[in-house]
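Let me begin by presenting the structure, written as structure tokens, before commenting on it.
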Amino acid sequence: MKRTDRRETFPGLSDNANEFTVIRSSRKTLCVTVGAGGEVTVKAPRFLSDRRIREFIAENSSFIEKARAKALSVSDAAEAAGPYTEADIRKMKDKAASEFPGIVKLYADKLGVSFGRITVRRQKTKWGSCSSGKNINLNILLCDCPENVMHSVIAHEVCHLKHMDHGKDFYRELYAIFPDYDKCRKWLKDNGSLLNRRYELYLSSKGK
Ligand SMILES: [Zn+2]
């Protein structure tokens with residue numbers, strides 16, 4: 001948040017609705033986000049009226065409620081499962097080091113492409129990425145996913161060694177080397193935020 005941004009807390013629209021935070025800045029449009037703990041934040045142009053902001057919240061109430069319900073259920077599930085422990089993280093790192101290179105090679109060989117360095121780190125919003133220098137970056141949390149899901153992300157990134165975009169050719173090739181792709185993608189969509197949340201709990205348990 002920039003120093004000139006202004007942050008305010010608004011009461012909810014009804015008695016049982018949660019309060020929300022409004023951040024005013026030099027932006028031109030309104031947008032609403034729901035955080036991992038279910039907190040609602042509206043970003044608004046500096047001089048927009050409070051009335052318009054409340055209307056905007058009302059117009060988007062069904063999206064907000066759905067997103068809050070999802071965030072809270074993930075957050076409950078993460079509390080129940082607990083934060084990752086040092087031992088969990090160590091196990092994931094070992095698994096990444098011992099298995100990622102072989103899996104990358106498996107799909108690279110299928111496509112007949114070469115690759116550069118493989119790096120492993122935790123990224124908040126990405127399961128993997130591929131650079132134009134043919135280096136592949138993979139999320140450490142893939143090591144807490146089912147084996148086929150881990151494979152699906154690696155196959156995806158390896159396909160980028162041949163096609164840098166997500167065009168038709170990219171997907172044709174991806175489905176050819178990994179037919180179960182959609183099923184794995186769905187698993188990530190349904191479960192990925194729980195893994196992320198548990199990692200965040202781990203970080204905060206260490207005071208990071
Ligand atoms: Zn991609």
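Take Ser193 and decide whether it is in contact with a strand residue (DSSP E or B) (Cβ under 9 Å, 6 or more places away or on another chain) and either aromatic (Phe, Trp, Tyr) or surrounded by fewer than 20 Cβ atoms within 10 Å (Cβ to Cβ) (or both).
Judged against the criteria, Ser193 is not a match.
Go through (1) under 30 Å from Gly82 (Cβ atoms); (2) within 14 Å of the ligand (Cβ to nearest atom); (3) touching a helix residue (DSSP H, G or I) at 6+ places or on another chain (Cβ under 6 Å) for Leu194 and report which single condition fails.
(2)
Name the residues in the stretch 53-102 that are more than 30 Å from Asn135 (Cβ to Cβ) and of a type in the set (Asp, Glu), would you?
Glu55, Glu59, Glu65, Asp76, Glu79
Could you say whether any residue in the stretch 98-106 is in the same structural domain as Arg198 (by TED's automatic domain parsing), in contact with a Gly (Cβ under 7 Å, 6 or more places away or on another chain) and within 25 Å of Tyr199 (Cβ to Cβ)?
No, because not a single residue in the stretch 98-106 is in the same structural domain as Arg198 (by TED's automatic domain parsing), in contact with a Gly (Cβ under 7 Å, 6 or more places away or on another chain) and within 25 Å of Tyr199 (Cβ to Cβ).
Please enumerate the residues belonging to the stretch 149-177 that are aromatic (Phe, Trp, Tyr) and either touching a Phe, Trp or Tyr at 6+ places or on another chain (Cβ under 7 Å) or buried (at least 21 other Cβ atoms within 10 Å of the Cβ) (or both).
Within the stretch 149-177, just Tyr175 meets the criteria.
Inside the stretch 150-173, can you point out the residues that are closer than 15 Å to Ile118 by Cβ and assigned to a loop (DSSP other than H, G, I, E, B)?
Those that are closer than 15 Å to Ile118 by Cβ and assigned to a loop (DSSP other than H, G, I, E, B): His160, Leu161.
Taking the residues in the stretch 144-191 that are among the small types (Gly, Ala, Ser) and over 30 Å from Gly82 (Cβ atoms) as candidates, determine which candidate is farthest from the ligand (Cβ to nearest atom). Write out each step before concluding.
Keep residues of the stretch 144-191 that are among the small types (Gly, Ala, Ser), which gives 152, 155, 167, 176.
Now narrow it down to the ones that are over 30 Å from Gly82 (Cβ atoms): 155, 167, 176.
Working: Ala155: 11, Gly167: 11, Ala176: 16 Å.
Across the stretch 144-191, the extreme among qualifying residues is Ala176.
Can you tell me how many residues in the stretch 56-106 are among the hydroxyl-bearing types (Ser, Thr, Tyr) and farther than 22 Å from Cys143 by Cβ?
Residues in the stretch 56-106 being among the hydroxyl-bearing types (Ser, Thr, Tyr) and farther than 22 Å from Cys143 by Cβ: 4 in total.
The values are calculated or read from the model by the stated rules, or taken from the named source; none is laboratory data. Because the structure is predicted, anything quoted here is derived from the model rather than measured. As a convention, Cβ positions derive from the backbone with ideal geometry for all residues, glycine included, and neighbour counts pool all protein chains shown.
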